[in-house]
Amino acid sequence: MSWVARVTLACQRRAVLVLIAGFAVLFGCGWHASHLRLEGDFVELLPTKSEAGQRFRGAASRMRSSGSTLIVLIDSPNADQNRSFMRALEDEVRKFPSELVASVDHGPGHAVDFFENNKWLFAQVADLERVECELEEERAKALPGYVELDNPCSDLGSPELIKAMAQPPSDAPANAEPAKDGAAKDAGKGAKKDNALLAFDRTAQAEMAKRNRFPDGDFRTPDGKLFALVLRAGSTGLGDRRTTELFTRIQEAAAQTKQRLGLTDAEVGYAGDIPNALAERKSLEDDLTVVSVAAVALILSSIMIFFFGRGWALNAPGEGRLRRTWRATKTALFSLSCLGYCVFVGCSVAFAVAMSAFGRLNAATTFLGSIIVGNGINYSIVYLARYHERRAQGESVSDALCDAATRCLRGTWLASAAASGGYGALMATDFRGFSEFGLIGAVGMLGCWLATFVLCPAAVSVFERTSSIHDGDHVHAEPSIAGPLTRVISWIAHRYPLWCLAIGAVLSVVLAWRIPHYFQDPWEYDFGKLGSASSRSKGAGQWSSRSNELFGARGSAQLLLADDMSQVLDVAAQVARADAEHDGPPLIEKIETIYDIIGGPPDLVQKKLALLAKIRTHIDAIAPNLSPEDRPIADKWRPPESLAAPKPDALPPEISFRYTEKDGRVGTPVYVTLASGVSQSRGETLLKLNELLNKIHLPDQRIVPNAARATVFAEMIRSMGRDGPRASWLSFGLVVLVTAVGTRSLRALVCVLGSLLMGLGWMLGFAAWGDLKLNFLNFVAIPLTFGIGVEYAINLFDRIVGEGEHVERGIRSVGGPVMLCSLTTILGYGALLFADNRALVSFGHYAILGELTCIVSALFVLPGLMWLYRGRKSAPHA
């Protein structure tokens, strides 16, 4: 007696004890796995040792505020009630602990006063030189003996100021023509005596308007219908516990405030980094529920139908339809219970291991439950199908169980080992989106196989003792319990093996035509296609679009961090230089440092202060001679005696938070704003931007730490390109090794791998012709297809050989269970098509394609390869 038969009988004899132990494992592991947390941030997919990831995390952790924003918006026709709501809500938010909220602002606040009080320092030196020169000329004109020559100030001034001077004076008719004759440097000739000052007023006010888009002190639209309150989180993450708590508390506070003020016609929404990140995570959580429920429902329904048909094929002489229906129902329910028990035990073990190893699920492993159920249930299906077949032929429970265990051992073990190898190959990668996926999947496959051979005998024994399914010797099977589809497939594969092989080869050639071109660049670079579909049209995505219109923003700026303030100008210069040198249109629109807030570097500010002192002296000197309409402009721009260089550590809180680290260092951040035509969701652009940022170095030659999302996505693309082929080749090598060792037959190796490779080639060919792009999630479908797709060929080959090389009998015996195995896997993948997350949907498409091509290849190509290998004369006939 073989060892597996002895184990089977031992489990049968101690059935109740074995089942109790199984339930203990199920509930114990399930309870442990229930503590898994879900993290949807793409940063969690990067390799732990990734330098880019470490720079990102390091830069984000240094800032007092992560820069992650939560923007509360209220929309109603009444501006006064909108303002009242924001003031009341702000009062509530200021009571939140500082670890939740780093800052909260209903408007520019003291930043308005700061920019107004220091407006002279934000002018360009060239403009101040032009104003000072012309004011000096005005003083000279009042002196006796003044002779007017060429304008000595004509070469001074910025292009913006000279252009403004070429415009009609403010009191000229609206349709007056600008100066045309002469170069721009002569634009001021013949104009009003204070033309430079008037032009300076216009350009300076335009610059101030950019700095202060909300002059009345509120973040609001001009019509007052939309107001905003801006919060910045105190934590460094976008999906951690604190940001979740912050969002929950702000929603509760907003709802209570709205109710207290009786704002029935107002709509409140949430925008910014935090709501968008949490919306993506909520989408994953909802998908986890939807996908799991849909997968289990579809898989169990297919199993019920299959085993109901098996039970219906069992009959006794003179048995009525009602009794036959009852027998089929009992068979289906028994099989369903047994299969569900085994697969859920294996699945709970897999996620308990995930809890112990990682403590969380990432965006790639969230949906693995449905995949493990769809794949792992295959072993139990083959086992129980064989058991029912032997019992229907009159064997006892013990003999049928031993036969099922013995006959199914090699095929299911090889299939389990190959599937585990397919998953396990992903563990050899550094990309955590692959490696964590691989560990959970590999443990799940082995757990489901082990549960099948330990728990199935115990469950069958208990069911048979309490309620006989087969009614002993009174039941027998119809001549064939194979379904009509199985009979048709077995007949075609048996009678026309060469035709099946030839058609498969032709199809392979046609589909392979586009594969080389496809793999030149198969990646999906539009990351906008990999997130939640619904959040872009409603919820956080919709409100974020409105927020962007209000603030004129196109997403968060890219953050770079120097070691100290003395390095930021060099960092900014390197960024500008790298942007100018790279091929293609500019990527950068604006580079901001603390020096843009305080008027410039110390030497430049001192130069401005010196010019402003002269301007003050000139204005005081010519003030008595100014006309009534010019005097207000001169008074407005007369620099006060108290004007001094702003101190970086004395900036208003509304400004300083962006430039202050947790340890108190001020002025180290450099913010890079992308050009208007640059999309932050396009991978090609992010790769270029990441390449640009990697050229920026500190004095010690370290790459400047940055918290740029471009770094994360670029590292993902590089990791996939590096680890993807490695995982695929390793998976294929493990499948070859498992098949070779398990079968110890060159013929089996050639036939099984030939079938697998043809199925994989079809999958890639259809993907190439359909332009299905690869991404960080669906790429795992390729190594998984090696491990899971070979299962069908192994089981079919094993059963055909066991049936004396008779193809038709072999396919009729195991074809139905194998097709059900494929169907359950397809349904597990198919449940992903119900997901809101488009990366999950893309995985479903790719994986279903691989399942279909591999099962078709196994059913039709494998028999042809077996026929070709043995030779026509030795092929068996009916």
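The values are calculated or read from the model by the stated rules, or taken from the named source; none is laboratory data. For clarity, every value in this text was computed on a predicted model and none was experimentally measured. Quick reminder, even Gly has a Cβ in these numbers, built from the backbone with ideal geometry, and neighbours come from all protein chains shown. Keep in mind that these areas ignore ligands, DNA and RNA; they rest on the heavy atoms of the full protein, side chains included. Shrake-Rupley method; radii C 1.70, N 1.55, O 1.52, S 1.80 Å.
Here are a few things to note about the model shown:
- Scanning the stretch 490-520 for residues that are of a type in the set (Ser, Thr, Tyr) and open to solvent by less than 90 Å² (accessible area, probe 1.4 Å) returns Ser490, Ser508, Tyr518.
- Just one residue in the set Arg407, Arg360 is charged (D, E, K, R), closer than 30 Å to Asp836 by Cβ and touching a residue at least 24 places away in the same chain (Cβ under 8 Å); that residue is Arg360.
- Among the residues of the stretch 574-610, those that are closer than 30 Å to Glu132 by Cα and part of a helix (DSSP H, G or I) comprise Ile594, Tyr595, Asp596, Pro602, Asp603, Leu604, Val605, Gln606, Lys607, Lys608, Leu609, Ala610.
- All positions within the stretch 731-742 that are surrounded by 14 or more Cβ atoms within 10 Å (Cβ to Cβ) and without any contact (Cβ under 8 Å) to a residue 40 or more places away in the chain: Val736, Ala740
- Meets criteria (in a helix (DSSP H, G or I) and either farther than 26 Å from Trp413 by Cβ or at pLDDT 85 or above (or both)) for Pro876: no
- Test: residue in the stretch 743-751 that is open to solvent by less than 10 Å² (accessible area, probe 1.4 Å) and closer than 30 Å to Trp413 by Cα: yes
- The set of residues in the stretch 611-636 that are assigned to a helix (DSSP H, G or I) and among the polar types (S, T, N, Q) comprises Thr617, Asn625.
- Hey, Leu561 at pLDDT 80 or above and either farther than 22 Å from Val230 by Cβ or of a type outside the set (Phe, Trp, Tyr) (or both) or not: yes
- Selection count, the stretch 348-385, where residues are in a helix (DSSP H, G or I) and either out of contact with any helix residue (DSSP H, G or I) (no Cβ under 8 Å at 6 or more places or on another chain) or among the hydrophobic types (A, V, I, L, M, F, W, C) (or both): 17
- Test: Ser370 is modelled with pLDDT of 75 or more and either open to solvent by 10 Å² or more (accessible area, probe 1.4 Å) or aliphatic (A, V, I, L, M) (or both): no
- Across the stretch 5-24, the qualifying residues are those that are in contact with a Phe, Trp or Tyr (Cβ under 9 Å, 6 or more places away or on another chain) and crowded, with 17+ Cβ neighbours inside 10 Å, and the one among them that is nearest to Arg410 (Cα to Cα) is Thr8.
- The listed residues are Asp596, Asp620, and the only one of them that is more than 30 Å from Gly667 (Cα to Cα) and either modelled with pLDDT of 90 or more or among the acidic types (Asp, Glu) (or both) turns out to be Asp620.
- Matching residues, the stretch 646-670, being touching a Gly at 6+ places or on another chain (Cβ under 7 Å) and open to solvent by 30 Å² or more (accessible area, probe 1.4 Å): Pro648, Glu654
- Matching option when the condition is open to solvent by less than 40 Å² (accessible area, probe 1.4 Å) and touching a His at 6+ places or on another chain (Cβ under 8 Å), among Val704, Val678: Val704
- The stretch 410-438: number of residues that are of a type outside the set (Lys, Arg), farther than 19 Å from Thr825 by Cα and in contact (Cβ under 8 Å) with a residue 12 or more places away in the chain: 10
- Per this entry, Asp798 is counted among residues that are of a type in the set (Asp, Glu), open to solvent by 30 Å² or more (accessible area, probe 1.4 Å) and closer than 14 Å to Arg407 by Cα.
- In the set (1) buried (at least 20 other Cβ atoms within 10 Å of the Cβ); (2) modelled with pLDDT under 90, Thr673 fails one condition alone, (1).
Residues are listed down the side, and each one gets a yes or a no for (1) at pLDDT 80 or above; (2) under 22 Å from Arg37 (Cβ atoms); (3) out of contact with any helix residue (DSSP H, G or I) (no Cβ under 6 Å at 6 or more places or on another chain):
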position	(1), (2), (3)
Thr236	no, yes, no
Arg241	no, yes, yes
Leu246	yes, yes, yes
Ala253	yes, no, no
Gln259	yes, no, yes
Thr264	yes, no, yes
Ala271	yes, no, no
Leu278	no, yes, no
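- Within the stretch 83-114, the set of residues being assigned to a helix (DSSP H, G or I), touching a Phe, Trp or Tyr at 6+ places or on another chain (Cβ under 7 Å) and open to solvent by less than 40 Å² (accessible area, probe 1.4 Å) comprises just one member, Met86.
- Residue-level check: of (1) more than 30 Å from Asn690 (Cα to Cα); (2) part of a strand (DSSP E or B); (3) among the hydroxyl-bearing types (Ser, Thr, Tyr), Tyr671 misses just (1).
- Residue list for the stretch 718-776, filter: part of a loop (DSSP other than H, G, I, E, B), within 22 Å of Gly864 (Cα to Cα) and of a type outside the set (S, T, N, Q): Arg744
- Taking residues in the stretch 28-42 that are within 10 Å of Met355 (Cβ to Cβ), and partners anywhere that are among the aliphatic types (A, V, I, L, M) and modelled with pLDDT under 75, not one pair has Cβ atoms closer than 8 Å while being at least 6 places apart or on different chains.
- Lone qualifier among Ser348, Ser416 - being in contact with a Phe, Trp or Tyr (Cβ under 9 Å, 6 or more places away or on another chain), closer than 23 Å to Arg6 by Cβ and among the hydroxyl-bearing types (Ser, Thr, Tyr): Ser416
- In the stretch 307-327, the residues that are open to solvent by less than 40 Å² (accessible area, probe 1.4 Å) and either at pLDDT 80 or above or within 25 Å of Gly828 (Cα to Cα) (or both): Phe307, Gly309, Arg310, Gly311
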